[in-house]
Structure formats: structure tokens, C-alpha cells
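Trainee: Just dropping this structure here.
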Amino acid sequence: MATPEKRAAQLREQIRYHNFRYYVLDDPQIPDAEYDRLMQELQALETEHPELVSPDSPTQRVGAEPLKVFGEVRHEVPMLSLDNAFSDEELASFDRRVRERLEVDSVEYTAEPKLDGLAVSLLYEDGQLVRAATRGDGATGENVTQNVRTIQSIPLRLLGNDHPHRLEVRGEVFISRDGFRRLNERALQQGQKIFANPRNAAAGSLRQLDPAVTAQRPLEIYCYGTGLVEGGELPGRHSEILQQLRDWGLRVYPGIERVMGLEGCVKYYRQLEKQRDQLAFDIDGVVFKVDRLDQRQQLGFVARAPRWAVARKFAAQEELTRVIDIDVQVGRTGAITPVARLEPVFVGGVTVTNATLHNEDEVRRKDVRVGDTVVVRRAGDVIPEIVSVVKERRSETCRSFVMPTQCPVCGSDIEKIEGEAVARCTGGLYCAAQRREAIKHFASRRAMDIEGLGDKLVDQLVDLKLVEDVADLYSLRPEILAGMERMGDKSAHKLIAALECSKETTLERFLYALGIREVGEATARTLAQEFGDLEVLMQASEADLEAIHDIGPVVARHIVNFFQQAHNREVIDKLLTAGVHWQAVTVSRHRPLEGHTYVITGTLSSMTRDQAKQGLQALGAKVSGSLSKKTSALVAGDNPGSKLDKAEKLQVPVLSEQDMIELLQQ
């Protein structure tokens, strides 16, 4: 007779297998009554022997205490957005760009429905689910582990034992149409407010502070890819990776296909477009991804989106309305966006009163005027936009839009670089519309590194009008901070100490912290090394800046415009008066590693990887996160992982930590 420990292990394995058959293969082998019997036996066994309960047991999906607030998760591999294609012509342009970059005649794509849900990241370590997070802004999301554990179609432990040590799986959490109907019926019976649509219902359910509430919601998932992979390898094709995920017990949409070229993409899109209303869940388009991973690596990324994927969106509903006025909004990064104020119109299930006009060039191209009758649609079923103007209805009283020259929020100059579509406010340190992002960036680890000044605290400081610019941070008093939400006397004094500590910095960190457009860490370092003095840099002309290697006319213009704004200079003066300082920088032209690229992997014993990176960059080298044949050398510390194998395959020289130290000393 099996021991309780062995029987519990057998039951867990059987239940995981039957979950796989039911949720992943949609092919159950046993009736529900038999499944319930297995679960009841396991529950009884764990009740009798509490020491046998494990975190990945099927009985442990619900049981965590309600949360007070969600924690933050920084994605180790960013969760990027996708570019959209709204027509066959735009899809053809995407395919052409891919083929031209790869220098091939045709490309294989995977084609899959674009679910209208909530993107999540699932982190498995040694096959066990250890963390789940929402996409958030792509770099940082919310920790929703306890809630995700309640979703039956998400395995708490992967099948098999051939998965990587750490595996991040990405998917879309959603509620089916039938589940949404049942959810609202139950809400009506209980006298509760009903949900507007399945997507809102899914998002609201996943963000419940009480996992027991989430467990009652009919949430499902389809997995569509991977992020972080450590201690193991995946197949070389996306379609094969999806099949591998299925084999490990993860749910993948069974209708995903591998298609050849543009013709195959269009055929799949047309087919799914016809089936859209018959599907069990809402979709708003089709996603096409280059199937081969080596081709993806060759294509790379642009801005916040990969070059190897596109979302072909379905046609949106359209309606007629009238433009009452056109004004501008200032975004969190200073982008000036013309917005049309509309007579209310019902489009795509919601009442629309505003529509984005994107930028001044778009207003001119569409020739939208105040008083015009326009066609409005919800692009991608989300963002209302003006499609066209019904010029036959235009009257003589209609007036053209004029872009303001000063920011409507702070009065700083509006800058528009030649060749760029977006105009921007130049008052980055002062503008109230940019205040939150400016402070969060200023306090970030790679900038002023103010420990304890998180996003939620920044929001409180701004909302309470305690901080109007970054310099005001250094005027905060512990007694004021101690009275704020989730802050006590101890936390307040810790933050004041962190602010005091941050005053001692470096010129390159300070320049990066200012948030000058397109001045990242590398450019800030170059400016510090080339000018050595803040006042000299602030007086520099565009010509002075363009004379520096790696600084082009656009970046030079951004820098000059930033320092020309009186508001920005006032904030800088306040920062220096508050005591922010750095050691004098010795201007040096000695850059012996210029033109060389290094990659660092593994754990270093004598310094951090950031310190090693800074040391190499100080000598002119570029430090990358990925290997290629053009990499000068791989610096390998302890536990280097797969990059060491790749370096050997590519015949890239490998340096030990001691080799790198000697290189830096030389």
C-alpha cells in the first residue's frame, strides 16, 4: 500500500494530467465526477497530513489572504507593444520591409488571433509557477501571482522535466463570451453592477485584491510566447516553441497556423475575419510573427515594438459627427497632441466626445477644421480617431487649426524638429503635465538613485502639490512625509536620508537625470567626458555639440532647446543651491576601445556588472546585451549560461574577469 506521501504525489500527477487533457487539449479522458473524486481524495489526504501540502498542489489555487496593494514587478525582458496594420496595403508594407531587411523572397509567419484581454507574464522556476505580473507599461507591471494561481487553465507546475531552469511565458487572460454572459447574469441576480464588456471584466477580475473573488470569475488564458529563458534552450521557431509550451501543459490556441508569405497572411486574416463572430471569445485582429528566431534577431526592434511582428486589426465601426473645437493636450513626455472635441456620438459600443488627431501634420493631411462634419472610428476598437472629413458639408464658418508656439500648461517653447511629426514642450523639468514622469525618471536607480521614492509616492507628492519640480524634493521635511499614506516616521527619515545621499552624484548621472529628450546614459556620459563642466555645456551651441562623436543635429537641437528654457535653468539652479554636486570631471580624449563592442555575462566577483560596463564605456567601448559576429569579446564571469556557448559557436573571443581588469588597467 502506498504511503500518504506517495499517494499525494500520484494524485497531483493525475490531476495535472487531466487538467492538461481538459484545458489544453480540450479532450478530457474522464468524466467530471471522476475528476472530483481525485480532487476530494487529495484534499482529504492533505487535511489529514498538512505537512504534505505543497505550493503547486492543485488544491492550493485559492487560500491566500486578501492583499492590501499590488506590488510592482520589473520585467527582466520588456513586454513590447506591436505595430498595427489597418489595411492590406499596410500589411504588404510590413512584409516588404521584413523581406528587404532579411534579403529573401518570402518569409514564413505564424498567424494567431489577437485576443482582446489582458497581457500577463508567468515566471516558472524549475517548472513551478513562482510569479505572475501584468504587462503594465511594458517595463513594469503589477504582481498578480495570487490571482493568477486561481485560473484553472494556468498550470501551477509544468508537465515533464525538460523545461529551462527559469522560463517566462506570456499570454492573454480573457473571459469568453459565454463566461461574460454568465458573469453578468449572476451580477444582476445579486443586485450588483454589470460589466461593460469582456475585456473590462477580465482586467477587473485579475486586479481584485482578494484572490477568492478572482477565483469566482471565469478567467481563461491562451499563451502566445516567451520572454526570459535561463538554464535551458527553446526550439528555433516560434511555432515549435508554442508546441513545446503545449507539451508542458500550457494552453495555446489550437487554430494558430504557420503561413507562407503575404498571400498566406491575407488568406488567414480573411478566414478568421469570417469566423470572428462564431469564436468563443472576442478578438480585434490577427497577429503575424516571423517564425524563425534567427531571422527575428536579425530584424531586431524599433522604439517599443519588434520589427518582426505586426497586428493586422479588423475594421472598426464608423459614425458621423461634428468637430466643436480643436485644442492640444500635453503628454507625460511633453508630446503636443491636437485633440478634436466632438459632438457626442455612439461608436463601437461607447459614446465618443474626443478624438486624437495625432500631430499637426495629420491635421493638415486630413484638413480637419473646427465646424467640419467628420467620420469617426475607434481605431483598433480602442482609440477614437477621425478618419476623414465630409467636405461637401463644410461651411464658410469652419476655421483651420493653428498649433500654439507655447505650451498651454507651462508656457515653455514648443519644439518641432524638422523631419519629425511630433511637437513637444521643452519645459521638461518644470511643466506640470510632465511633472510625474520627470520626477520618477530623476529618482530612478540609474539617474539620482533616490531609494524609497517609488511611483506611488511620487503620485502622492504631486497630487498633494508638495513637489512642483524635481528640486522641491530636497525641500521635503520628515514631519510632512510621515503623515502621508503608507508612510511612517521611520520611512520618512529613510527617504530624507536617501535624498541627502543622492546629492553626491556624478555629472553624467545628473545630465541623464534631467530627462533631456534622447539623452540616454551613453549620451550623458559622452557629454560629461567631452565638456567636463555643466556651465560650459549649457552655453554650448548646436555646432559645438555636433562636433562630438555620436551626437547628431537632432540631439544637439534637443540639448540646446532644453538649456535655453528659463524654467529649466531655474530648476537646475535650485538643485545646485540645494547641494547637488559632483567631483570635477577631467576632460580626456583617450578612448582606446572606441569602435569595440563587449558583452558581459555571469557573476563578477570584484565588481558589479554595471561597474564593469562603466569601466569599458569610459574607454570608448560599446557594451551590448546580445552577441553577434561583430562582438569584440565576451566577458564571462561565474555561471555564464548560454552566452558562453554562443560565443564559442560565433568564434567570439572570451575574456575572464581578470582579463577584463587588466584591459581596464592598461
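The values are calculated or read from the model by the stated rules, or taken from the named source; none is laboratory data. Predicted model, so just to flag it, every value in this text is computed and none were measured. Heads up, the Cβs are rebuilt from the backbone with ideal geometry, glycines too, and the neighbour counts pull from every protein chain shown. Note: accessible area is taken over every heavy atom of the protein model, side chains too, but ligands, DNA and RNA are not part of it. Shrake-Rupley method; radii C 1.70, N 1.55, O 1.52, S 1.80 Å.
Trainee: Enumerate the calculated ³J(HN,Hα) couplings along the stretch 646-651 in order (Karplus 6.51 cos²θ - 1.76 cosθ + 1.60, θ = phi - 60°), each rounded to whole Hz, writing x wherever the residue is Gly or Pro.
Mentor: 5, 4, 5, 5, 7, 6
Trainee: Kindly report the accessible area of the stretch 274-418 per residue (heavy atoms of protein chains, probe 1.4 Å, no ligands, DNA or RNA), in Å².
Mentor: 50 Å²
Trainee: Also: If packing is taken as the mean number of other Cβ atoms within 10 Å per residue, what is the order of 287-293, 527-533, 478-484, highest first?
Mentor: Ranked by mean Cβ neighbours within 10 Å, highest first: 287-293, 527-533, 478-484.
Trainee: Which one of 160, 524, 439 has its Cα pushed farthest toward the positive end of the charge dipole of the chain, where Lys and Arg give +1 and Asp and Glu give -1 at the Cβ?
Mentor: With unit charges placed on the Cβ atoms, the residue in question is 160.
Trainee: Here's a follow-up. What ³J(HN,Hα) values, in whole Hz, does the Karplus curve 6.51 cos²θ - 1.76 cosθ + 1.60 give for the stretch 282-294 when θ = phi - 60°, with x put for Gly and Pro?
Mentor: For the stretch 282-294, the Karplus curve yields 7, 10, 10, x, 10, 9, 10, 10, 4, 6, 7, 5, 5 Hz.
Trainee: Can you work out the accessible area per residue across the stretch 525-662, with the rest of the protein chains kept in place, probe 1.4 Å, in square angstrom?
Mentor: For the stretch 525-662, the solvent-accessible area averages 53 Å² per residue.
Trainee: Return the carbon/sulfur percentage of the accessible area of the chain, one whole number, probe 1.4 Å, all protein chains in place.
Mentor: Solvent-exposed carbon and sulfur of the chain make up 47 percent of the total.
Trainee: Let me ask you something else. Per residue, how many Å² of accessible area does the stretch 127-221 show with a 1.4 Å probe?
Mentor: 42 Å²
Trainee: With θ set to phi - 60°, apply the Karplus curve 6.51 cos²θ - 1.76 cosθ + 1.60 along the stretch 109-118 and write out the HN-Hα couplings as whole Hz, x wherever there is a Gly or Pro.
Mentor: Along the stretch 109-118, the couplings run 10, 9, 10, 8, x, 8, 5, 9, x, 10 Hz.
Trainee: Along the positive direction of the dipole of the chain (beta-carbon charges: Lys, Arg +1; Asp, Glu -1; about the Cα centre), which of 483, 352, 215 reaches farthest?
Mentor: The residue sitting farthest along the positive end of the dipole is 352.
Trainee: Only helical DSSP H runs with n ≥ 4 go in: add -39500 (n - 2.57) per run for the chain, normalise by residue count and round the 222 nm mean residue ellipticity to 500 deg cm²/dmol.
Mentor: Roughly -10500 deg cm²/dmol at 222 nm, from the helical runs in the chain.
Trainee: In debye, nearest 20, what is the charge dipole magnitude of the chain about its Cα centre with +1 on Lys and Arg Cβ and -1 on Asp and Glu Cβ, if you could check?
Mentor: 860 debye
Trainee: Check residue 224: other-chain or 5+ apart residues with amide H under 5 Å from its amide H, H built from backbone geometry?
Mentor: Under 5 Å from the amide H of residue 224: 170, 171, 172.
Trainee: Picking from 595, 642, 619, whose Cα lies most toward the positive end of the charge dipole for the stretch 578-666 (charges on Cβ: Lys, Arg +1; Asp, Glu -1)?
Mentor: Projecting each Cα onto the dipole axis, the largest value belongs to 595.
Trainee: Calculate, for residue 258 and residue 573, the FRET efficiency according to 1/(1 + (r/R0)^6) with r their C-beta to C-beta distance and R0 45 Å; round to the nearest 0.05.
Mentor: That pair, residue 258 with residue 573, gives E of 0.15.
Trainee: Sticking with this one: Starting with the highest mean, order 330-341, 146-157 by the number of other Cβ atoms within 10 Å, averaged over the residues of each peptide.
Mentor: Ranking, from highest mean packing down: 146-157, 330-341.
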